[in-house]
Amino acid sequence: MKTILTKSAAEAAKFIRDGKLAAFPTETVYGLGADIFNEAALEKIFQAKGRPSDNPLIVHLGNIEQIEQLVSAITPIAEKFIEKFFPGPLTLVLPKAKEISPLATAGLNTIGVRMPGSHMALEFLRLCETPVAAPSANLSGRPSPTTWQAVFEDLGGRIDCILQPLKGGETEVGLESTVVDCTGDAPLVLRSGAVTLEELQRAVPGTRYVEIDLTETPKSPGLKHKHYSPRAEVVLIDDVSQAEASLKNACIGLSVVPTVSGDGFGLVKICQTVPEYAHSVFEFFRECDRREIATIFCEKVAAEGLGLALMDRLQRAAQK
Ligand code: TXA
Ligand code: MG
């Protein structure tokens, strides 16, 4: 299959309307889109990614009215989050409408919905004229793509189209959306992300986050699968001085590498802030793989604000 690259949101949206797959940039990471009401197209998502069928998809809205087609109820809690954070990097889990295929929800009676914040994503989604199911546009298990080149690296030849941004390349946030289950008495954060726990708690006091015990059956099926992994081994360190300088090794963190100003490593990235670290980490992982780095040392950050999501992704990448 030839993968068409285009900067035209209209051209990419036509693929969706024709029952095909198109990858598109959002403010978090690239998504691999298909029409939520076309079962054959949904099947193609799982095939193209090599995604296990027990991992449900997030459905993307071009306008808030489309939510009515997807959910059977909007809880008062969800209304608060919608008012405060839509459009933006937040996914709400709600009871699903009966018309939604179990393929999209992995047989669950709930559905994840989100309205992305970036201008290009919204333009594309409106032109699709249907809500769009879209997981991250990577091969299953690989780091989520933050550039169109990373999408092409994983899915070139396997999908119909990639929508390229008009300018610039990297998605703004670099980590996936926060996923919040709004079906219970109190909101429960299933996946930390760009909307922070602290922000959610300010909007709805009582919002909870339970750190995932990887030995238990997780509430969000996707969380049990191995994620975000480069081929290189990932080692978390408290301080960059613990990183072992070698041309086969790489290092990313917030502090300056004390040894030989970094040039003892195959690749080094010093970030000024936690948002910059979050923005850069998945592309750094991919670049390490392109250079056949053996070990990536990642400096830990405080698990607060965006740091909670960053630490979650680092811990998953380091998991064996
Ligand atoms: O930022 C993002 O969320 C990106 C962009 C493309 O929107 N999408 C994304 O999708 O990261 P994906 O498929 O890679 O991750 C979706 C996560 C998985 O952990 C999945 O299990 C969870 O959301 N999820 C989806 N629907 C769910 C549901 N009904 N109940 C619980 N968890 C759900
Ligand atoms: Mg994913």
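Values as computed for the structure displayed
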quantity: Some residue of region 123-144 being of a type in the set (Lys, Arg), within 16 Å of ligand 2 (Cβ to nearest atom) and over 25 Å from Glu83 (Cα atoms); calculated: yes
quantity: Residue match in region 102-120 (condition: surrounded by fewer than 18 Cβ atoms within 10 Å (Cβ to Cβ) and within 16 Å of ligand 2 (Cβ to nearest atom)); calculated: yes
quantity: Number of the condition not met by Ser255 [criteria: (1) surrounded by fewer than 17 Cβ atoms within 10 Å (Cβ to Cβ); (2) in a strand (DSSP E or B)]; calculated: (2)
quantity: Subset of region 33-74 [open to solvent by less than 30 Å² (accessible area, probe 1.4 Å) and in contact with a Ser or Thr (Cβ under 7 Å, 6 or more places away or on another chain)]; calculated: Asp35, Ile36, Leu42, Phe46, Lys49
quantity: Qualifying positions in region 145-174 - within 13 Å of ligand 2 (Cβ to nearest atom) and of a type in the set (A, V, I, L, M); calculated: Ala150, Val151, Leu155
quantity: Complete set of residues in region 301-320 that are surrounded by fewer than 17 Cβ atoms within 10 Å (Cβ to Cβ) and closer than 15 Å to Val235 by Cβ; calculated: Ala318, Gln319, Lys320
quantity: Residue tally, condition outside any loop (DSSP other than H, G, I, E, B) and either touching a strand residue (DSSP E or B) at 6+ places or on another chain (Cβ under 8 Å) or surrounded by fewer than 19 Cβ atoms within 10 Å (Cβ to Cβ) (or both), over region 275-300; calculated: 16
quantity: Region 1-32, residues that are among the small types (Gly, Ala, Ser), buried (at least 17 other Cβ atoms within 10 Å of the Cβ), closer than 10 Å to Asp160 by Cβ and away from ligand 2 (no atom under 16 Å from the Cβ); calculated: Ala12, Ala22
quantity: Residue within region 42-54 that is touching a residue at least 40 places away in the same chain (Cβ under 8 Å), closer than 29 Å to Leu166 by Cβ and more than 15 Å from ligand 1 (Cβ to nearest atom) present; calculated: no
quantity: Cβ pairs under 6 Å, 6+ apart, first in region 1-21 and on the phi < 0 side of the Ramachandran plot, second at pLDDT 95 or above and among the charged types (D, E, K, R); calculated: Ala9/Glu123; Phe15/Asp160; Ile16/Asp35; Lys20/Asp160; Leu21/Lys44; Leu21/Asp160
quantity: Residue tally, condition in contact (Cβ under 8 Å) with a residue 60 or more places away in the chain and part of a loop (DSSP other than H, G, I, E, B), over region 90-115; calculated: 5
quantity: Odd one out for Ala78 among (1) open to solvent by 10 Å² or more (accessible area, probe 1.4 Å); (2) touching a residue at least 24 places away in the same chain (Cβ under 8 Å); calculated: (1)
quantity: Criterion violated by Thr130 - all others in (1) open to solvent by less than 30 Å² (accessible area, probe 1.4 Å); (2) more than 15 Å from Ile36 (Cβ to Cβ) satisfied; calculated: (2)
quantity: Enumeration of residues in region 262-306 that are under 19 Å from the mean Cα position of the chain (by Cα) and at pLDDT below 95; calculated: none
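The values are calculated or read from the model by the stated rules, or taken from the named source; none is laboratory data. All values derive from a computational prediction rather than experimental measurement. A quick note on method: Cβ atoms are made from the backbone with ideal geometry, for glycine too, and the neighbour counts reach across all protein chains shown. To get the accessible areas, we keep the full protein, side chains included, count just its heavy atoms, and leave off ligands, DNA and RNA. Shrake-Rupley method; radii C 1.70, N 1.55, O 1.52, S 1.80 Å.
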